[in-house]
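Here the structure comes first, spelled out in C-alpha cells, and everything after it is commentary.
Read the figures in this text as sums done on the coordinates, not as results from a lab. Treat the numbers as computed from the prediction; the structure is a model and nothing was measured. Note that we place each Cβ from the backbone using ideal geometry, even for glycine, and neighbour counts take in every protein chain shown.
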C-alpha cells in the first residue's frame, strides 16, 4: 500500500511541477536562451509574441473599448463647451471694457457690453461646435490610440510587464499549479492501484 501512496505523491509532485514550470515559461526566460549542445532556443511565450500581443491589445482597445473619438468627445463634451464659451465671453467683455475710454458714459457702456455678451452667447455655440468638431477630426487623424498603446507596451521592460500582469492573474495561476498537483496525485494513485491489481 505504501508503494501506491508513493506513486500518488510522486504523481502529485510531477503534476504540480509541470504546471509551475509551464506558468514560469509564460514570461521566462526574458531573452532567448540556447540549450547547450543544440541549436534549440528557449524563450518565454509572452516575450516571443510580445509585439503581436501589443498590437492585438492596442487594436482591441481602439476598436472595442475606447477610441480617440470617445476620449475627445468626453474631454470636449457639452459641459466643457459651455465652460469654454463662458470663459471666452468674460475675457472678450473684460478686454472691451478695459479699452473703452473712461470719458464714455456708463449709460452707453453697459448696454454695449450687454449687447456684446448676448452676441457672444448666441454665436459661441455655433463657433465652438465648428472649431471643436474640426479639432476632433484633426486629432483623430493625427493620434491613433491603437498605435500609442502598442508603442507603450513594447517600450515596457519585460520585468515591468510581468509585474503588471502577475498581480491580476497570480491567484488563478496558483490554482492551476495546485490543480496540476491534485490531478497528478489522482493519476499516480490510479496507476499505483492498477499496478497492484496486476
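Please work out whether region 115-175 counts as rounded, prolate or oblate from its C-alpha gyration tensor, where a ≥ b ≥ c are the square roots of the eigenvalues and a/c under 1.5 means rounded, while otherwise a/b larger than b/c means prolate and anything else oblate? Note, shape of region 115-175 comes out prolate. Computed per residue of the chain from DSSP H runs no shorter than four, each worth -39500 (n - 2.57), the mean residue ellipticity at 222 nm is -27000 deg cm²/dmol. Compared with the alpha-carbon gap, the fully stretched path from residue 169 to residue 41 is longer by 43.4 nm at 0.36 nm per residue.
For the pair residue 3 and residue 142 in one chain, pulling the backbone fully straight at 0.36 nm per residue adds 43.1 nm over the alpha carbon distance. Taken over region 38-119, the ratio of Cα radius of gyration to 2.2 N^0.38 Å equals 2.42. Which label marks the calculated value of percent of Cα pairs over 26 Å apart, given the options (1) 50; (2) 66; (3) 31? Entry (2). Here region 67-98 and region 114-133 have alpha carbon centers that stand 10 Å from each other. Net length available on complete extension from residue 190 to residue 114 is 18.2 nm, with 0.36 nm assigned per residue and the Cα-Cα distance removed. Between 18, 38, 55, the Gaussian network model of the chain with springs among Cα atoms under 10 angstrom shows the greatest mean-square fluctuation at 38. For region 35-59, the residues whose amide N sits under 19 Å from a probe point set 7 Å from the Cα of residue 151 along the beta carbon direction are 51-59.
When a/c is below 1.5 the answer is rounded, else prolate if a/b is larger than b/c, else oblate, so apply that to region 1-76 with a ≥ b ≥ c taken from the square roots of the Cα gyration tensor eigenvalues. Because a/c hits 1.5 or more and a/b fails to exceed b/c, region 1-76 counts as oblate. Roughly what angle does helix 106-142 make with the longest principal axis of the chain, taking Cα atoms, 0 to 90 degrees, to the nearest 10? Helix 106-142 sits at roughly 30 degrees to that axis. As a calculated quantity, the FRET efficiency between residue 135 and residue 92 at R0 = 25 Å, using C-beta atoms, amounts to about 0.80.
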